[in-house]
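Please read the structure below before turning to the comments.
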Amino acid sequence: MTLALRLAHAENALRALTSGQVDAIIDSDGKAYLLRPAQEHIRQNQKRLHTVLESAADIITVLDRGARIISQTRAAHHLLGYEPGWLLGRPLFDFVHPEDLPKLYSAFFHVIEEFQPDALVEFRHQHRDGTYRTLETMVSKLCEASVNQVVLISRDVNRRKSRFLSAAGEEPVASPFPDAYPPA
């Protein structure tokens with residue numbers, strides 16, 4: 001096995017290592033490093049991370065450079081009414097209220113072009129029923145330098161404002177946007 005790794009091109013060796021085709025690596029001193037336990041540990045961590053993300057109350061969305069939705073957590077179904085996977089491949093900007101489009105567009109491109117590391121923006125996202133939900137969203141670029149993608153973490157602002165006002169003993173204030181989702 002060591003001989004095969006020494007003779008393989010670096011890219012082939014890396015592919016073999018990451019795909020699970022190699023069980024162990026033996027260093028020049030003859031010490032063996034088992035890879036199967038490490039690979040299984042990585043798989044278990046990935047499952048745990050997936051479970052945490054899917055149970056999050058906030059919508060987590062990954063966009064490509066063209067602002068098309070690559071992935072989105074289940075919270076989008078709960079908050080926006082779209083079936084899981086229905087928004088995938090569609091441009092996010094198609095679902096943004098026209099008055100809010102310039103500020104979201106600006107935040108997205110400032111982050112993707114790395115003029116700033118992240119941006120906080122509030123905008124109205126169209127619900128499946130045609131009304132709008134006001135979302136507070138943190139826009140950030142994904143950490144990997146070779147990946148040109150942006151992650152959005154969004155929460156329903158109307159619900160938070162309503163809970164805050166109720167806790168203070170005040171009446172919730174109607175949204176200034178006539179077509180916005182009323183506070184819960």
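With respect to the conditions (1) free of Cβ contacts under 8 Å to residues at least 12 places away in the same chain; (2) in a loop (DSSP other than H, G, I, E, B); (3) within 15 Å of Ile70 (Cα to Cα), Gly89 lacks only one, and its number is (1).
Residue count for region 54-81 under the criterion of being crowded, with 20+ Cβ neighbours inside 10 Å, in contact (Cβ under 8 Å) with a residue 40 or more places away in the chain and more than 15 Å from Val139 (Cα to Cα): the result is 2. Considered as a group, the residues in region 104-148 that are farther than 14 Å from Leu63 by Cα and among the hydroxyl-bearing types (Ser, Thr, Tyr) include one that is surrounded by the fewest Cβ atoms within 10 Å (Cβ to Cβ), and that residue is Ser146.
State yes or no: is Phe109 touching a residue at least 12 places away in the same chain (Cβ under 8 Å) and assigned to a helix (DSSP H, G or I)? Criteria not met by Phe109.
Out of all the residues in region 18-32, is one or more touching a helix residue (DSSP H, G or I) at 6+ places or on another chain (Cβ under 7 Å) and modelled with pLDDT of 95 or more? There is no residue in region 18-32 that is touching a helix residue (DSSP H, G or I) at 6+ places or on another chain (Cβ under 7 Å) and modelled with pLDDT of 95 or more.
The values are calculated or read from the model by the stated rules, or taken from the named source; none is laboratory data. In this text, all values refer to a predicted model and were calculated from it rather than measured experimentally. Neighbour counts are summed over all protein chains in view; Cβ atoms, including those assigned to glycine, are modelled from backbone coordinates with ideal geometry.
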